[in-house]
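Just so it is clear, none of the values below were taken in a lab; they were calculated from the coordinates. None of the values given here were measured: they were computed from a predicted structure. Here Cβ is always computed from backbone atoms with ideal geometry, including for glycine, and neighbour counts include all displayed protein chains.
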């Protein structure tokens, strides 16, 4: 096992143990190792052309220069049952009745569950940083992983990690 996989595993632990609303865990993780990053970057390039969206090629270069990617997401996270309205609907029942795939993601998603995912992302990024791995939370890499069928989650983000003299995620 290489140092990047080990770092991604430690990041995964941070995501797993991050606090979750009502103590219920819907956060999912998956490590994409170095040997799969070329395929992932190729898919990012393809999606950028296909969708005519900016910066897929820029981020693909960063992925090619990375050592691993940790995916963090949610699937079937459900609601808290508190009818808070933060999702944009008056009740949790109304929110659940309106869930469907919209573009890359399923939505709406309970705002508290999204906060859970955000805390998990931050915890994982913090762990990478503690061990001096450059990292960046990315949407485009997650879109490519979903497009390749590597995950079928409702929403996902990715955190690539690198260890070079200058971060591959800045001044791109």
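Full extension of the chain between residue 126 and residue 84 yields a length gain of 12.1 nm, computed as 0.36 nm times the residue separation minus the alpha carbon distance. Need one word for segment 1-67: rounded, prolate or oblate. Basis is the Cα gyration tensor (sqrt eigenvalues a ≥ b ≥ c); a/c below 1.5 gives rounded, then a/b vs b/c decides. Since a/c reaches 1.5 but b/c is at least a/b, the shape of segment 1-67 is classed as oblate.
Compared with the dominant principal axis of the Cα atoms in the chain, helix 111-130 is inclined by about 20°. Taking label points 7 Å from Cα along the Cα-to-Cβ direction, residue 57 and residue 152 give a separation of 3.4 nm. Relative to the first principal axis of the alpha-carbon coordinates of the chain, what is the inclination of helix 37-51, with its axis defined by its Cα atoms, in degrees from 0 to 90 and to the nearest 10? Roughly 60 degrees, rounded to the nearest 10. Rg/Rh for the chain stands at 0.99; both radii use Cα atoms, and Rh follows the Kirkwood definition. Comparing Cα centroids, segment 1-29 and segment 78-131 end up 17 angstrom apart. Estimated at 0.36 nm per residue, the fully extended path between residue 22 and residue 98 surpasses their Cα-Cα distance by 25.1 nm. Quick one: angle between helix 3-17 and the longest Cα principal axis of the chain, in degrees between 0 and 90, rounded to 10, please. Tilt relative to the chain: about 10 degrees. Under 11 Å from the 7 Å Cα→Cβ point of residue 36, by amide nitrogen: which residues of segment 42-70? Output list for this probe position: 69-70.
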